[in-house]
Amino acid sequence: MTAGDGPWLDPAAPGWDWDTEAITRLSRDTVELLAATLLRARTGPLATRPPADQLEAWRTDDWADAGMPVERVLAEYAATIAPYPFGNAHPRYAAWVNSPPHPLGVAAAALAAAMNPSVAGGNHAAVHLERRVVRWFAQLLDRPGGYVGQLVSGGSAATLTALTAARHRALARVGHDDRRDGITGLSGRLVVYASDEAHSCVTKAVQALGIGSANIHRLPTDAEHRIDPGVLDQILAADLDAGVLPVAVVASAGTVNTGAVDPLPAIADVCARHRVWLHVDGAYGAPPVLLLDDWAGTRAGLARADSLALDAHKWLYVPVDAGLILFRDEANLRDTFSLVPPYLRTAGETDEPVWFSEYGLEQTRPFRALKVWMQLSHLGRDGYRRLIARDIAVAAALRVMIHDSEDFEVLAHGLSVVCFRHHPHHVSEQDLDRHNQALLAQLQTRRVAFLAATTVYGRFALRACIVNPLTTTSDIGAILDEARRCAPGWP
Ligand SMILES: *Cc1c(COP(=O)(O)O)cnc(C)c1O
């Protein structure tokens, strides 16, 4: 190479020679694949197992030195990736909490990637849009300016963020700087309160924060799997007397196991009385509480929480990932995460708001707000009310169908979750767990319908969670029929 013909003089770097025509063609081809993928997800088979040779190729092949043309990459997507989906857009998928993506959200995800901002901060559309979305959620709690928050990867990240802030506040009150000194010397004194029904991400966050899962005080639940506020009150009073430093009480707006909603107004009273942080895990169930009239009382309790986690990628049908975390105490949140010294912090009231990265764990942040905003704008509050109420009604219909059947029984039901089991007359009580485990294994292998499992009062249960506006009562009837066919001993 001689001086003057360096690579900077090439008209276009090899591999980056995208002219107008190439970009347009790729965009068109992608749009067709997008449409095919969305349609297949709802009308094709629920999920097909990748064949052995495909699995082998994924497991063993090497990244080639020579690249391949775009057309071939897209063709490989169509032939070897698109046919093997998770299955969660299908109307007969009711496992875990996996909704279908709203088509507009899918389009938004592509557009957000095309803009590709980092939403750490700055003064550009993505930043303002995320603040707007956060404000819209805060409005549902009747506190439009009363919350700060941001979009995160999901409920697990939201919980970790919330408990980090809660730990910081609890320790700041006793003059301990956890950011500088860690939690040395406090072993065993920091306690998080959560019921057995709390999601495992609470345990994970407590472990990651060095609090230790042995220091989760497990709260007993009532017959409906809800925290008893009176018991919580006694436990907190006794623990505070004993010198415990409570980090937070974690309550649920919709447990993942049974859809139970804790009595949030009474729990908020108890937390306020003892000045303990209340975190509400609404990853699954916050949307109906925020939007439906039936839940106005619970909503008033929710509005008093110090932090709230909600997964827009669950019951708001936004493509993964889209979690939301809201906080009431802006100053504490910034003190928890900001690395900008206090004397340099701006108020954020000018054109450029305070950077999101001062309020959480992420620095480079994706443009999640676009898909959330597009869907919220398109559907409106009423559109969401109708969709969510419909999911709840389909779950209620499933409960009735199970109740009316000869051979199934309901074990729990809350929001759009129904836990049940197959209980034909010839199977004895002590064999029921094994019977239903075998049924579920067969169901998950056949993949005609899809359910997950949980445990209700120590009993193995099949669990259906309806977060799919395409699921009809005939689909849930078909899910039950398929479950029956998968039972051991079915002719
Ligand atoms: C899904 C879920 C979580 C975890 O959220 P991710 O988005 O999977 O990280 C936490 N709590 C509840 C109640 C959930 O349903």
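The values are calculated or read from the model by the stated rules, or taken from the named source; none is laboratory data. Keep in mind that this is a model prediction, so the values were computed, not measured. Here the Cβ positions follow ideal geometry from the backbone for every residue, glycine too, while neighbour counts run over all protein chains shown. When the accessible area is computed, the model is the full protein with side chains, heavy atoms only, and any ligands, DNA or RNA have been set aside. Shrake-Rupley method; radii C 1.70, N 1.55, O 1.52, S 1.80 Å.
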- [ ] Just give me the residues in region 328-370 being polar (S, T, N, Q) and in contact (Cβ under 8 Å) with a residue 24 or more places away in the chain, in sequence order.
- [x] Asn332, Thr336, Ser357, Gln363, Thr364
Open item on the list: Looking only at region 40-79, count every residue that is closer than 30 Å to Leu443 by Cα, in contact with a helix residue (DSSP H, G or I) (Cβ under 9 Å, 6 or more places away or on another chain), open to solvent by 50 Å² or more (accessible area, probe 1.4 Å) and modelled with pLDDT of 95 or more and tell me the total.
Closed with: 2
- [ ] Looking only at region 86-108, count how many residues are touching a Leu at 6+ places or on another chain (Cβ under 7 Å) and open to solvent by less than 40 Å² (accessible area, probe 1.4 Å).
- [x] 9
Open item on the list: Given the criterion in contact with a Pro (Cβ under 8 Å, 6 or more places away or on another chain), closer than 21 Å to Val417 by Cα and aliphatic (A, V, I, L, M), identify the matching residue among Val318, Val250, Val270.
Closed with: Val318
Task: Among the residues listed as Val231, Val244, Val289, the single one being hydrophobic (A, V, I, L, M, F, W, C) and buried (at least 22 other Cβ atoms within 10 Å of the Cβ) - done: Val289
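Rundown of residues vs (1) of a type outside the set (Gly, Ala, Ser); (2) out of contact with any helix residue (DSSP H, G or I) (no Cβ under 9 Å at 6 or more places or on another chain), yes/no style:
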{"site": "Ala158", "(1), (2)": "no, no"}
{"site": "Gly188", "(1), (2)": "no, no"}
{"site": "Glu197", "(1), (2)": "yes, yes"}
{"site": "Cys201", "(1), (2)": "yes, no"}
{"site": "Ser213", "(1), (2)": "no, no"}
Open item on the list: Looking at (1) in a loop (DSSP other than H, G, I, E, B); (2) more than 16 Å from the ligand (Cβ to nearest atom); (3) more than 15 Å from Ala126 (Cβ to Cβ), which one does Leu333 not meet, given that it meets all the others?
Closed with: (1)
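Residues checked against (1) in contact with a strand residue (DSSP E or B) (Cβ under 9 Å, 6 or more places away or on another chain); (2) open to solvent by 20 Å² or more (accessible area, probe 1.4 Å); (3) within 15 Å of the ligand (Cβ to nearest atom); (4) under 29 Å from Ala109 (Cβ atoms):
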{"position": "Ala138", "(1), (2), (3), (4)": "yes, no, no, yes"}
{"position": "Asp142", "(1), (2), (3), (4)": "no, yes, no, no"}
{"position": "Leu151", "(1), (2), (3), (4)": "yes, no, yes, yes"}
{"position": "Ala166", "(1), (2), (3), (4)": "yes, no, no, no"}
{"position": "Leu171", "(1), (2), (3), (4)": "yes, no, no, no"}
{"position": "Asp177", "(1), (2), (3), (4)": "no, yes, no, no"}
{"position": "Thr184", "(1), (2), (3), (4)": "no, yes, no, no"}
{"position": "Val192", "(1), (2), (3), (4)": "yes, no, yes, no"}
{"position": "Ala205", "(1), (2), (3), (4)": "yes, no, yes, yes"}
- [ ] Just one of (1) open to solvent by 60 Å² or more (accessible area, probe 1.4 Å); (2) modelled with pLDDT under 95 trips up Tyr147, so point out which.
- [x] (1)
Open item on the list: Against the definition (under 26 Å from Arg131 (Cβ atoms), away from the ligand (no atom under 11 Å from the Cβ) and open to solvent by 10 Å² or more (accessible area, probe 1.4 Å)), how does Ala272 come out, yes or no?
Closed with: no
Task: Lone unmet requirement of (1) assigned to a helix (DSSP H, G or I); (2) buried (at least 17 other Cβ atoms within 10 Å of the Cβ); (3) aromatic (Phe, Trp, Tyr) for Tyr343 - done: (2)
- [ ] Take the residues in region 230-268 that are more than 21 Å from Lys314 (Cα to Cα), assigned to a loop (DSSP other than H, G, I, E, B) and aliphatic (A, V, I, L, M), then tell me which one is farthest from the ligand (Cβ to nearest atom).
- [x] Ala242
Open item on the list: So the check is Cβ under 7 Å with 6+ separation or different chains; which pairs have a first residue in region 282-304 that's closer than 24 Å to Ala272 by Cβ and in contact (Cβ under 8 Å) with a residue 12 or more places away in the chain and a second one that's open to solvent by less than 10 Å² (accessible area, probe 1.4 Å) and among the charged types (D, E, K, R)?
Closed with: Ala283/Asp311
Task: Count of residues meeting criterion [near the ligand (Cβ under 10 Å from one of its atoms) and of a type in the set (A, V, I, L, M, F, W, C)] in region 281-306 - done: 2
Task: Residue ID - surrounded by the most Cβ atoms within 10 Å (Cβ to Cβ), chosen from residues in region 307-319 that are of a type outside the set (Gly, Ala, Ser), more than 7 Å from the ligand (Cβ to nearest atom) and under 14 Å from Trp373 (Cα atoms) - done: Val318
